[in-house]
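The values are calculated or read from the model by the stated rules, or taken from the named source; none is laboratory data. Because the structure is predicted, anything quoted here is derived from the model rather than measured. Reconstructed Cβ throughout: ideal geometry from the backbone, glycine too, with neighbour counts over all protein chains shown.
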Amino acid sequence: MVSLFFAVFSLPAFLFLPGDAQTGITFFGAATRGWTYFRAVMREIIANREMRKFMFSYLIYEDGVMTVIVFSSIFAATTLGFSPKELIALYLIVQVTALAGAFAMAKPLDAWGPRKIVVLSLLLWAAVSVSAYFIADRVHFFLLASVAGLGLGTVQAASRAFFAQFIPQGRESEYFGTYALVGKSSAIIGPLVFGYVSSTFRSQRPAILAVSLFFIAGLVMVRGIRGGGPNIDRKNGKTD
């Protein structure tokens, strides 16, 4: 099913997008150039105080998000006794609500600014983590997963929009490549904390509660960042 999904939805790219241009650069040359670009972008990010603060806060709260994504099914299966069919339904609900959350917050994201949306999303994620500690019923966990899905789509969309405001014009590819690398590197500390707390207390409930600390820490850091204002001029209705 998964391979069929990828095969069908990759067809437009293979059929309609232009082919890669031949540059003559070798594999080693491409790797060297990529490493040079990465170092240059990292130096620029470190030199920019507000961008540096955002990337560090993103690393922290995205660690919490990735931890919840990875361990939510384990928590549901081992603590609440979900069956494999119920786990599939759980993930479908999360994906649908994440899409709905991203669409629902599109206009507020422009009007209020991505920083406010990230703050609201992190408050939602912290509330979800704390609420999961008390959940004992499967139906309630399904409802909680729906709320988490709304926050998932929102925080990811708002984080990208927030970071985009720091990117120099014409440098989007380099900067978003670094942004993606930070996001992929985020799920490191969270799983260690979840596993350590679970083994210490011999229960996953305190572990899921501990994950809320990532959202709270990220929230505190995001509130101290200058930037992330509205992307739209309310008077003229123009987008920046």
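Kindly indicate whether Val197 is within 14 Å of Thr79 (Cβ to Cβ), β-branched (Val, Ile, Thr), free of Cβ contacts under 8 Å to residues at least 40 places away in the same chain and assigned to a helix (DSSP H, G or I). Yes: the conditions hold for Val197. Ile46 fulfils the conditions (1) farther than 18 Å from Ala180 by Cα; (2) in contact with a Lys or Arg (Cβ under 6 Å, 6 or more places away or on another chain); (3) among the β-branched types (Val, Ile, Thr) except for a single criterion, (1).
Which residue, of Ile167, Ile208, Ile188, is closer than 22 Å to Ile45 by Cα and either buried (at least 18 other Cβ atoms within 10 Å of the Cβ) or modelled with pLDDT of 85 or more (or both)? So that I can check it myself, show each step before the final result.
Details: Ile208 fails: closer than 22 Å to Ile45 by Cα; Ile188 fails: either buried (at least 18 other Cβ atoms within 10 Å of the Cβ) or modelled with pLDDT of 85 or more (or both).
Going through Ile167, Ile208, Ile188 in turn, just one is closer than 22 Å to Ile45 by Cα and either buried (at least 18 other Cβ atoms within 10 Å of the Cβ) or modelled with pLDDT of 85 or more (or both): Ile167.
Within the option set Phe75, Phe82, Phe54, being within 18 Å of Gly218 (Cα to Cα), among the aromatic types (Phe, Trp, Tyr), surrounded by 15 or more Cβ atoms within 10 Å (Cβ to Cβ) and in contact (Cβ under 8 Å) with a residue 12 or more places away in the chain holds for one residue only, Phe54.
Only one of these is outside any loop (DSSP other than H, G, I, E, B), aromatic (Phe, Trp, Tyr), out of contact with any strand residue (DSSP E or B) (no Cβ under 8 Å at 6 or more places or on another chain) and more than 30 Å from Arg138 (Cα to Cα): Phe71, Phe5, Phe14. Name it.
On the way: Phe71 fails: more than 30 Å from Arg138 (Cα to Cα); Phe5 fails: more than 30 Å from Arg138 (Cα to Cα).
Selected residue: Phe14, the only one of Phe71, Phe5, Phe14 that is outside any loop (DSSP other than H, G, I, E, B), aromatic (Phe, Trp, Tyr), out of contact with any strand residue (DSSP E or B) (no Cβ under 8 Å at 6 or more places or on another chain) and more than 30 Å from Arg138 (Cα to Cα).
Close Cβ contacts (under 7 Å, 6 or more residues apart or on different chains) running from residues in region 23-42 that are closer than 24 Å to Gln169 by Cβ to residues that are part of a helix (DSSP H, G or I) and polar (S, T, N, Q) comprise Phe38/Thr178; Val41/Thr178; Met42/Thr178. Only one entry of Leu181, Leu192, Leu143, Leu209 meets the criterion of being in contact with a Ser or Thr (Cβ under 9 Å, 6 or more places away or on another chain) and either closer than 20 Å to Ile93 by Cβ or not basic (Lys, Arg) (or both), and that entry is Leu209. Every test in (1) surrounded by 21 or more Cβ atoms within 10 Å (Cβ to Cβ); (2) under 30 Å from Ala77 (Cα atoms); (3) modelled with pLDDT under 90; (4) not hydroxyl-bearing (Ser, Thr, Tyr) is passed by Phe214 save one, and that test is (3). Say whether the condition of being closer than 20 Å to Ser57 by Cα, out of contact with any His (no Cβ under 8 Å at 6 or more places or on another chain), loosely packed, with under 15 Cβ neighbours inside 10 Å and modelled with pLDDT of 85 or more is met by at least one residue in region 109-123. Yes, region 109-123 contains at least one residue that is closer than 20 Å to Ser57 by Cα, out of contact with any His (no Cβ under 8 Å at 6 or more places or on another chain), loosely packed, with under 15 Cβ neighbours inside 10 Å and modelled with pLDDT of 85 or more. Look at (1) among the hydroxyl-bearing types (Ser, Thr, Tyr); (2) buried (at least 16 other Cβ atoms within 10 Å of the Cβ); (3) under 16 Å from the mean Cα position of the chain (by Cα) and you find that Ser198 fails only one, number (3). Close contacts from region 128-149, counting a first residue that is surrounded by fewer than 22 Cβ atoms within 10 Å (Cβ to Cβ) and a second that is basic (Lys, Arg), with Cβ to Cβ under 9 Å and a gap of 6+ residues or different chains, come to Tyr133/Arg205; Phe134/Arg205; Ile135/Arg205.
So, of the residues in region 217-237 that are modelled with pLDDT of 50 or more and surrounded by fewer than 16 Cβ atoms within 10 Å (Cβ to Cβ), which turns out to be nearest to Trp125 (Cα to Cα)?
Residues of region 217-237 modelled with pLDDT of 50 or more: 217-233.
Imposing the further condition that a residue be surrounded by fewer than 16 Cβ atoms within 10 Å (Cβ to Cβ) reduces the set to 220, 223-224, 226-227, 229, 233.
Numbers: Val220: 14, Arg223: 16, Gly224: 19, Arg226: 22, Gly227: 22, Gly229: 22, Asp233: 29 Å.
Out of the qualifying residues, it is Val220.
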